[in-house]
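See structure below.
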Amino acid sequence: MYEKAVEFNPTFDVALANLGNAIKDMGRVQESVAWYLRAVQASPNFVEAVCGLANAMAGVCDWRARDGLKSEMAVRWQAIALVSDEMAEQIFLVMSRGKRPTAPEYAHKLRQMISYSESPRESPKDGALAVPDKRRGWMNRVVEIADQQLSDGQKWGCGLLLTGNPPVPTAALTQFVDRLCQLLPLGSASPGPLSTFVHAAQRAVSNASSAEWRQLARQMRCEGGWALRLSERVMAEVQRRQFWDREKTANLRPQLPTGLSAPTVPTVLPFHTFTYPLDAREIRLISHRNALRLSFSTLSGGAPWLPRHVYPPPPQASVLRIGYVSSDFNNHPLAHLMQSVFGMHDRRRFHIVCYATTVADGSGHRLKIEAEADVFVDCATWSTARIVERIAADGIHVL
């Protein structure tokens, strides 16, 4: 189908990229590079094509994706080393595996050894040398795309809870906070920090000219993320109250603000971040945005199996019941690493239940996990609703 589409329109970027995906999935990675390159040439800002091209080129050791054999991380270190003798000395310390240079001259020589094809520029602000970021190649383009997507993601839900400048609360924010207060009443003499925060937010929202409101509004830089995380925390608090018998009746699940759309996620997936020259902050944010998307999809009504009420917590017990849900209880890298963990729990304190969502492959890893778990449930053919009901019926404390 993709071949026919490309034959009809040789610059059809989506078809070209999908054809590259299909060919790569067939194991013909080298051949896929040409299709990804055609897709990028047709549409230079087509994110999926750029990421596919970078991955395919790296997969066949075509180092043009990384601007030659020099890695982007090494270039970042070099750029930092040019800033000052102190920074260069710190990098020299790492490169020498903890052996501190005997004299600052070594750090100075390190800076002298670094060769750049482009000289540092004069900063117009203070006259200090501004070191250009010298990352190049398609990998650099992927990082630029991911950074832009992360920046755009900060605007998720913008205008839904706050409006105007200076910001004032919207009706959606008022309704959202009121509903949370109903779930966490202040009946106790010591209501807890979350209940106190929610009711303080309700008072702040009712008085948009107060200092409390201005402080609350500053916390909502990402309005969608703020509302989602607060909903999750309230849901956990409702369960905690039920667990400690503060409230006997089942409570409705917190509802997200009306009109909140699904958050976007970066093209780079969390498991792929280690293949790109991303720093720790970028990797954490990519994982965080994907977690927000999954949580939103569940809590916003995208999971028909999820009831309106918060699941009642299991009863208190002297033995903690721990559940593991995985599709990797087979010959998989995760099982290679985890296969002995399930039998290492102290059975006097823990009861282990494993829920396998994939069919058994008969491997030694699967057999070992099945034998060492207290209960092993093969739910590969079950619906999500049935799995959830079984977990609740098993009285799992920690999932």
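The values are calculated or read from the model by the stated rules, or taken from the named source; none is laboratory data. Given the structure is predicted, the values throughout are model-derived calculations rather than measurements. Glycine also receives a Cβ, built like all others from the backbone with ideal geometry; neighbour counts cover every protein chain displayed. These accessible areas exclude ligands, DNA and RNA; they are computed on the full protein's heavy atoms, side chains included. Shrake-Rupley method; radii C 1.70, N 1.55, O 1.52, S 1.80 Å.
Brief remarks on what is shown
- The residue pairs whose first member lies in region 37-51 and is open to solvent by less than 50 Å² (accessible area, probe 1.4 Å) and among the aromatic types (Phe, Trp, Tyr), whose second member is part of a helix (DSSP H, G or I) and modelled with pLDDT of 85 or more, and whose beta carbons are closer than 8 Å, counting only pairs six or more residues apart or on different chains, are Phe46/Asp13; Phe46/Val14; Phe46/Ala17; Phe46/Ala39; Phe46/Val40.
Residues checked against (1) among the hydrophobic types (A, V, I, L, M, F, W, C); (2) more than 21 Å from Phe271 (Cβ to Cβ); (3) modelled with pLDDT of 95 or more; (4) out of contact with any Phe, Trp or Tyr (no Cβ under 6 Å at 6 or more places or on another chain):
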| position | (1), (2), (3), (4) |
| --- | --- |
| Pro307 | no, yes, no, yes |
| Gly323 | no, yes, yes, yes |
| Leu334 | yes, no, no, yes |
| Tyr355 | no, yes, yes, yes |
| Arg386 | no, yes, no, yes |
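- The condition of being open to solvent by 70 Å² or more (accessible area, probe 1.4 Å), closer than 24 Å to Ala236 by Cβ and not in a loop (DSSP other than H, G, I, E, B) does not hold for Arg289.
- Any helices (runs of 4 or more DSSP H) falling wholly within region 302-399 and containing at least 1 residues that are touching a helix residue (DSSP H, G or I) at 6+ places or on another chain (Cβ under 9 Å): 333-338, 364-372
- Residue within region 213-221 that is assigned to a helix (DSSP H, G or I), open to solvent by less than 10 Å² (accessible area, probe 1.4 Å) and under 17 Å from Val310 (Cβ atoms) present: no
- Residues (assigned to a helix (DSSP H, G or I), open to solvent by 70 Å² or more (accessible area, probe 1.4 Å) and over 19 Å from Leu260 (Cα atoms)) located in region 166-195: Gln182, Pro193
- First in region 18-34 and over 18 Å from Asp62 (Cα atoms), second anywhere and of a type in the set (Asp, Glu), Cβ under 9 Å, 6 or more apart: Asn18/Glu48; Leu19/Glu3
- Residue within region 255-269 that is within 30 Å of Ala146 (Cβ to Cβ) and part of a helix (DSSP H, G or I) present: no
Matching residues to (1) more than 14 Å from the chain's Cα centre (by Cα); (2) open to solvent by 70 Å² or more (accessible area, probe 1.4 Å); (3) on the phi > 0 side of the Ramachandran plot:
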position: Arg229; (1), (2), (3): no, yes, no
position: Glu232; (1), (2), (3): yes, no, no
position: Pro257; (1), (2), (3): yes, no, no
position: Thr267; (1), (2), (3): no, no, no
position: His272; (1), (2), (3): no, yes, no
position: Tyr276; (1), (2), (3): yes, no, no
position: Glu282; (1), (2), (3): no, no, no
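- Of the residues making up region 5-21, those that are of a type outside the set (D, E, K, R), surrounded by 15 or more Cβ atoms within 10 Å (Cβ to Cβ) and in a helix (DSSP H, G or I) are Ala5, Val6, Val14, Ala15, Leu16, Ala17, Asn18, Leu19, Gly20, Asn21.
- Checking region 370-386 against the condition returns no match, with no residue being surrounded by 15 or more Cβ atoms within 10 Å (Cβ to Cβ), closer than 29 Å to Ala227 by Cα and over 27 Å from the mean Cα position of the chain (by Cα).
- Pro314 meets each of the listed conditions (1) in contact with a Phe, Trp or Tyr (Cβ under 9 Å, 6 or more places away or on another chain); (2) open to solvent by 40 Å² or more (accessible area, probe 1.4 Å); (3) modelled with pLDDT under 95 apart from (2).
- Top-ranked residue in region 352-369 [being surrounded by 17 or more Cβ atoms within 10 Å (Cβ to Cβ) and free of Cβ contacts under 8 Å to residues at least 40 places away in the same chain; ranked as nearest to Pro313 (Cα to Cα)]: Ile352
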